Amino acid sequence: MTGNTQVSSASQYDVVVVGAGPAGLSAALMLGRARRSVLVIDEGRPRNAPAAHMHGFLSRDGVTPGDLLQAGRREAEGYGGAVQAGRAVSVVRDGDGFAIELDTGRTVRARRLLATAGVVDEPPDVPGLAPRWGRDVVHCPYCHGWEFRDQPIGVLATGPLGVKQALQFRQWTDRLTLLLHTAPRPADEEAEQLAARRITVVDGEVTGVEVAEDRLTGVRLASGKQIPLRALAVAPQPYPRAYFLTGLGLVPTAHPSGLGAYIAADATGLTAVPGVWVAGNLADPNANVLASAASGSTAAGAINGDLVAEDTRYAVRAHRDPFSPAMEARVCEQVLGDRRHGL
């Protein structure tokens, strides 16, 4: 989803949100309702765009990802939030706040920054697999398991988590095959678990997927053997869209689950850099849409609380000395923004 709402000519906001997915729009909604000026930067590349429908979101089960984002955007705009199409290139400290450079050439400033740019999933490098991603090549049983229940499902193992993924998908079908592909053979305990759950284990590298009438029908092994399947579960590598945070010293670290990386933060999303929060898949690559939206709401509450505390400190200083140079500069900045330099 791209395009701009009515964006103010001013470049100063209480909060700039980088990322217009469920986390970012949820935060913008909450902050708008808190009467904060908010700008959301929308790169237009939602993680779940390939999926036809979204599941597990209470009251929104089965809607398309795009419909959810459109509804969220309307709600955020209804409380004064603005959306700017573009990509954040870099972020640097700017006095007490931050300067965010966009690929459009515009630079915006914020008292607080919320990064919700998410991750990019890179599926395993198997010919023909990528075009099926989000359709019948899937990764999350809670998102897609019901749609393929009782049908033959394959799990493509590319690492040690393959067995765990196979045991999870077994909840949805008893016609399950673990394709060892490039992963090591299961340890004795794992092999016993797979046997007990009647999960077929197949050796050999998968060299391609079979498709007929725009439906996945199976996979092809290096030996030439074909395994009939209706869906293929994989474990993609999620790469954080965190390049714009490196100027602040924030870099991704390996996620404790062993899958992907994230920006470390506390329970509210506050990072090691004061004034910078993260939410959604940038904070947890395993979070689903509902959890991502919830984390955006949590971060918004913490950000507004932080701004309330700052506003109160300034008010106390003004109450004590309303004509101090610092307070005059602060009022000038809040009222005139960048125009103050032309006075």
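For segment 122-136, enumerate the residues that are open to solvent by less than 40 Å² (accessible area, probe 1.4 Å) and part of a strand (DSSP E or B).
Passing the criteria: only 133.
Can you pull out every residue in segment 13-61 that is part of a loop (DSSP other than H, G, I, E, B) and over 22 Å from residue 138 (Cα atoms)? Reasoning before the result, please.
Initial filter on segment 13-61 (part of a loop (DSSP other than H, G, I, E, B)): 19-21, 34-37, 43-61.
Passing the criteria: 19, 20, 34, 35, 36, 37, 43, 59.
Tell me which residues, restricted to segment 65-92, are among the charged types (D, E, K, R) and without any contact (Cβ under 8 Å) to a residue 12 or more places away in the chain.
Narrowing segment 65-92 to residues among the charged types (D, E, K, R): 67, 73-75, 77, 87.
The answer is 67, 74.
State the number of residues belonging to segment 278-324 that are touching a Leu at 6+ places or on another chain (Cβ under 7 Å) and either farther than 30 Å from residue 140 by Cβ or polar (S, T, N, Q) (or both).
2
Starting from residues that are farther than 21 Å from residue 211 by Cβ and among the aromatic types (Phe, Trp, Tyr), keep the ones in segment 137-187 and report whichever is surrounded by the most Cβ atoms within 10 Å (Cβ to Cβ).
172
Does any residue of segment 60-82 turn out to be farther than 27 Å from residue 268 by Cβ and in contact with an Asp or Glu (Cβ under 8 Å, 6 or more places away or on another chain)? Break it down into steps so the answer makes sense when it comes.
The first filter runs over segment 60-82 and keeps only residues farther than 27 Å from residue 268 by Cβ, leaving 61-64, 66-67, 70.
Still in the list and also in contact with an Asp or Glu (Cβ under 8 Å, 6 or more places away or on another chain): none.
Checked against the condition, which is being farther than 27 Å from residue 268 by Cβ and in contact with an Asp or Glu (Cβ under 8 Å, 6 or more places away or on another chain), segment 60-82 yields no hits at all.
Filter segment 76-100 down to the residues that are farther than 14 Å from residue 39 by Cα and charged (D, E, K, R) and list them by number.
Keep residues of segment 76-100 that are farther than 14 Å from residue 39 by Cα, which gives 89-97.
Within segment 76-100, 93, 94, 96 qualify.
Being part of a loop (DSSP other than H, G, I, E, B) and modelled with pLDDT under 95 is the filter here; which residues of segment 137-158 pass it?
Step one: filter segment 137-158 for residues part of a loop (DSSP other than H, G, I, E, B), giving 139-140, 145, 149-152, 157-158.
Result: 139, 140, 158.
The values are calculated or read from the model by the stated rules, or taken from the named source; none is laboratory data. Just so it is clear, the structure is predicted and the values come from calculations on it, not from any experiment. Quick reminder, even Gly has a Cβ in these numbers, built from the backbone with ideal geometry, and neighbours come from all protein chains shown. Note: areas computed on protein heavy atoms with side chains; ligands, DNA, RNA excluded. Shrake-Rupley method; radii C 1.70, N 1.55, O 1.52, S 1.80 Å.
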